1. Please count how many residues of the range 53-78 are among the hydrophobic types (A, V, I, L, M, F, W, C), farther than 21 Å from residue 8 by Cα and either surrounded by 15 or more Cβ atoms within 10 Å (Cβ to Cβ) or at pLDDT below 90 (or both).
2. Checking residue 94 against (1) in contact with a helix residue (DSSP H, G or I) (Cβ under 6 Å, 6 or more places away or on another chain); (2) small (Gly, Ala, Ser); (3) loosely packed, with under 15 Cβ neighbours inside 10 Å: exactly one of these is not met. Which one?
3. Which one is nearest to the chain's Cα centre (by Cα) among residues in the range 1-10 that are assigned to a helix (DSSP H, G or I) and touching a residue at least 12 places away in the same chain (Cβ under 8 Å)?
4. Can you list residue pairs whose Cβ atoms sit under 7 Å apart, with the first residue in the range 33-52 being of a type in the set (Asp, Glu) and the second being modelled with pLDDT under 95 and surrounded by 17 or more Cβ atoms within 10 Å (Cβ to Cβ)? Count only pairs 6 or more apart in sequence or on different chains.
5. If residue 45 meets every condition in (1) in contact with a Phe, Trp or Tyr (Cβ under 7 Å, 6 or more places away or on another chain); (2) not assigned by TED's automatic domain parsing to the domain that holds residue 98 apart from one, which number is that one?
6. When you scan the range 18-30, do you find a residue that is without any contact (Cβ under 8 Å) to a residue 12 or more places away in the chain, among the small types (Gly, Ala, Ser) and either closer than 21 Å to residue 3 by Cα or touching a His at 6+ places or on another chain (Cβ under 6 Å) (or both), even just one?
Amino acid sequence: MVTFENDYLAGCYVSDTALKWPVLVDDTREVYNRYGMLTASFWDIWGLKTWVSYLRELSKGTRLKKSEGDIYQRGGDVLIDPDGMVRVHHVGEGPADRPAVASLLSVISHRSPGSHT
């Protein structure tokens, strides 16, 4: 996982989510920029998809937290296999725009160890 947040906020995220993956801090946002994850617009952040996502979480009883970081930094998902090949490159349009977990797992499961497909 790569984040642009400082070490303290990255550590809080790891604690809050019990993340098992290594976390790299990209404080210059060079990796974000190279993958096209630039600044999001106001409507990307506060558009209908975001509000629907927030309402869905609230209906589950999830307590929303105020962000401590730069909410306008566009996020995304990049999945790189052990051979260094980019298998997924998704630049999010807003905080609610993420690939489905099932689609990410499908990409992982279709590449068995030692396979070069």
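The values are calculated or read from the model by the stated rules, or taken from the named source; none is laboratory data. As the structure is a prediction and not an experimental result, all values here were calculated from the model. Positions of Cβ are backbone-derived with ideal geometry, glycine not excepted, and every protein chain shown enters the neighbour counts.
1. Here is the first cut: in the range 53-78, the ones among the hydrophobic types (A, V, I, L, M, F, W, C) are 55, 58, 64, 71, 78.
After this cut, where a residue has to be farther than 21 Å from residue 8 by Cα as well, the list is 55, 58, 78.
Keeping just the survivors that are either surrounded by 15 or more Cβ atoms within 10 Å (Cβ to Cβ) or at pLDDT below 90 (or both) gives 78.
The qualifying residues number 1.
2. Only one criterion is unmet by residue 94, namely (3).
3. Out of the qualifying residues, it is 10.
4. Note: pairs meeting the criteria are 44/93; 44/94.
5. Against the list (1) in contact with a Phe, Trp or Tyr (Cβ under 7 Å, 6 or more places away or on another chain); (2) not assigned by TED's automatic domain parsing to the domain that holds residue 98, residue 45 comes up short only on (2).
6. So in the range 18-30, the residues without any contact (Cβ under 8 Å) to a residue 12 or more places away in the chain come out as 18, 20, 28, 30.
Add one more test, that the residue is among the small types (Gly, Ala, Ser), and what stays is 18.
After this cut, where a residue has to be either closer than 21 Å to residue 3 by Cα or touching a His at 6+ places or on another chain (Cβ under 6 Å) (or both) as well, the list is 18.
So far as the range 18-30 goes, yes, one or more of its residues are without any contact (Cβ under 8 Å) to a residue 12 or more places away in the chain, among the small types (Gly, Ala, Ser) and either closer than 21 Å to residue 3 by Cα or touching a His at 6+ places or on another chain (Cβ under 6 Å) (or both).
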